Amino acid sequence: MPEFAYTARTLSGENVAGSIVAASKRETLSVLAERSLYPLRVESSRKANSRWQPKKRISPQLLAANLTQLADLLQNGVPVLNALAILAEQATHPGLAEVLGNVRDRIADGTSLEEAFGAHPQAFNELTISMVRAGAEGAFLEDALKRTADFMEMQEELKSRFVGAMYYPAFLAAVGSIVTLVLIVFFVPKFAELFTMLERQGGGLPLATVVLLGLSDVLGRYGLVLALAAAGLGYWLRKLAATDRGRLLVDRWKLKIPVAGKIFLGYAVSRFCRILGTLLKNGVPILKSLEISSESTGNRVLAQAILQSAENISAGETLARPLAECGVIPRSVMAMIAVAEESNNLDNVLVNIADGIDRKTSRQLDIMVRMIEPLMLLVMGLIIMFVLIGLLLPIFEMSTMMA
């Protein structure tokens, strides 16, 4: 059983501290009351000991494996409190062990499983919480946990493929940027006296050389200031993106990016269709299914469109018409949803739609990654060519005049 550290006050007004081994925080409070102690602070000993330790990120693969194990334990009749205690004891990741232990304590105190998961947004995303809520309400919690784990593993696999494919383009971009900055900041100023002499002789300088010298002068004088300003702007944008309004703007901007916007939209629509189909197949009402699936799309623009469609559905309309009017979901998907509604096979069709979108989006992602590498080479080549032209063109003109 977990151990709880406490600070309490005696009847005489003296503060005492200690620890109690109990099944939950509530049981710890009961023990303190039996000892005539007024609790001032009660928390898990693991949490108290790790308060000043840096928190390690919980990988999605590890979280997916634990969700699958939790589903297996529940499916085999193990109570949820015992299952969480077993997973917490066996967890090799200290952060995950702390999270699972806290989830167990919250459930022991009367909190629902989805609320206990929601108290740890750094570990459980919106998709996990929404699926757990739907599974608990629809009596298919084990299946919901397994589907969530499978989806997380699939997402992480796609992310790993993308990150792995971006290593070489990112390396090219980093090396090219460093070389360009070194040329402009340190190498170009060495030609400044030569270019000044040429300009005094009345020859004038090409536009590329003038721009290059101006850029070199600005970076040489204000480079540090510009770097600090860029860092401050990045920090401010990151804070803005964490707000509801900022996230809505970011999600709207992501959908408008050429090529990548279709990929972002494809993954969001796929998540919506897969979760909606799963919920409908397990008997969750359509309005509740739309509410839960909208929260797990990962895109606020699509989520708002789905919620607005739910309002029209509550007025007696079908699902396809209000979703089509939102203008976010592709027409081909809406056509299949409309046909599925007429044939009364919407739940199975939605899952098939999600599988098809995943395959299509995966191909689009592969094509985009393959395009990035030559595009990056082209951009870096143009930048370096501009620097060389700006440096060599006046020298060529001077040679022509001397000849």
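Of A170, A144, A134, A149, all but one fail to be under 24 Å from the mean Cα position of the chain (by Cα), in the same structural domain as I384 (by TED's automatic domain parsing) and not hydroxyl-bearing (S, T, Y); the exception is A170. Just one residue in the set L224, L249 is within 30 Å of S293 (Cβ to Cβ) and among the hydrophobic types (A, V, I, L, M, F, W, C); that residue is L249. If I filter segment 250-270 for residues that are under 28 Å from N345 (Cβ atoms) and without any contact (Cβ under 8 Å) to a residue 60 or more places away in the chain, do I get at least one hit? There is at least one residue in segment 250-270 that is under 28 Å from N345 (Cβ atoms) and without any contact (Cβ under 8 Å) to a residue 60 or more places away in the chain. Annotation note: of F117, F186, the sole residue that is buried (at least 20 other Cβ atoms within 10 Å of the Cβ), part of a helix (DSSP H, G or I) and at pLDDT 85 or above is F117. Inclusion of W236 among residues that are of a type in the set (F, W, Y), part of a helix (DSSP H, G or I), under 30 Å from R370 (Cβ atoms) and in the same structural domain as V351 (by TED's automatic domain parsing) is not warranted.
Within segment 137-169, being part of a helix (DSSP H, G or I), of a type in the set (A, V, I, L, M, F, W, C) and surrounded by 13 or more Cβ atoms within 10 Å (Cβ to Cβ) holds for L141, A144, L145, A149, F151, M152, M154, L158, F162, A165, M166. Of all the numbered requirements in (1) surrounded by 15 or more Cβ atoms within 10 Å (Cβ to Cβ); (2) in a helix (DSSP H, G or I); (3) in contact (Cβ under 8 Å) with a residue 40 or more places away in the chain, V328 misses one, and that requirement is (2).
A quick yes/no check of all residues on (1) at pLDDT 85 or above; (2) surrounded by 19 or more Cβ atoms within 10 Å (Cβ to Cβ); (3) under 16 Å from the mean Cα position of the chain (by Cα):
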site: R252; (1), (2), (3): yes, no, yes
site: K256; (1), (2), (3): yes, no, no
site: R271; (1), (2), (3): no, yes, yes
site: S309; (1), (2), (3): no, yes, no
site: E317; (1), (2), (3): no, no, no
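Just to be sure, is L63 closer than 19 Å to F117 by Cα and either at pLDDT below 80 or assigned to a helix (DSSP H, G or I) (or both)? Criteria met by L63.
The values are calculated or read from the model by the stated rules, or taken from the named source; none is laboratory data. These figures come from a predicted structure and were not determined experimentally. Because the Cβ atoms are built from the backbone with ideal geometry, glycine has one as well, and the counts that use them run over all protein chains shown.
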